[in-house]
Amino acid sequence: MPGLISTYGPGDRVMLPRGVYRPQGDTLLLREALERERVGNGTTVLDVGTGSGFLALAAARRGAWVTAVDRTRRSVLATRLNAALAGLRVEAVRGDLLAPAVGRRFDLILSNPPYVPAPDAGPPPRGPARAWDAGHDGRLIIDRLCDGAAGLLRPGGALLLVHSALCGVPATLERLERAGLPAEVTDRRTVPFGPVLASRRRWLLDRGLIAPGADTEELVIIRAERVG
């Protein structure tokens, strides 16, 4: 699988075959949140929508037993390759969101899901946009994560989720609360529009998702914990 090698810091090197989501500001923000969690030998971690495996590898370096899930074959292969190159144990499996992990329990679930509001109501059937487009409100995947995560967490286990404020932070907090996962925003970071949002500025403005002249979005980390 030929591809670029990107370096993000000491030990943070990943192979990025064509079509695999490149770790960006949202990924790095989620890694910062991961670094604050109690992750060590024997911690069980589920990385949902793993892409290149960047976050899965970060958890595995701390001794966690990591399962990484992605719906694209290319991402699963990239994660396996990057784990092998790093000498780390990561179980990378292909499947739809949480489905491959049903029946198991984890101490920590990580996810950087598709969350970009898109003109198309449904998910892209193919192509790189599958890594970011998530319906008109950006919540096609987020809502499913909120509804299903509690069933995969051990008591005291946590979900760390990153998404744009354009998707509606209160909606995520409320949905997690209804699912039995009290949640809070732990991190906020404002970043410039990337190429995708910049190309949709008029559409976002027409839908009332951004203000005139806006050229930045706020990324948030939401942490939810199963208390019982």
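The numbers here are math on the coordinates, done by the rules we state, and not lab data. This one's a predicted model, so the numbers in the text were calculated from it and none came from an experiment.
Is the shape of the range 90-172 best called rounded, prolate or oblate, per the rule: a/c under 1.5 gives rounded, else a/b larger than b/c gives prolate, else oblate, with a ≥ b ≥ c the square roots of the Cα gyration tensor eigenvalues? Verdict is oblate for the range 90-172.
Where only DSSP H runs of four or more residues are counted, the chain gives -7500 deg cm²/dmol as its mean residue ellipticity at 222 nm, each run worth -39500 (n - 2.57). Extension gain for the segment ALA129 to ALA171, taken as residue separation times 0.36 nm less the Cα-Cα distance, is 12.8 nm to one decimal.
Please give the direction-averaged projected area of the C-alpha convex hull for the range 101-228, in square nanometres with one decimal. The Cα convex hull of the range 101-228, projected and averaged over all directions, gives 8.0 nm².
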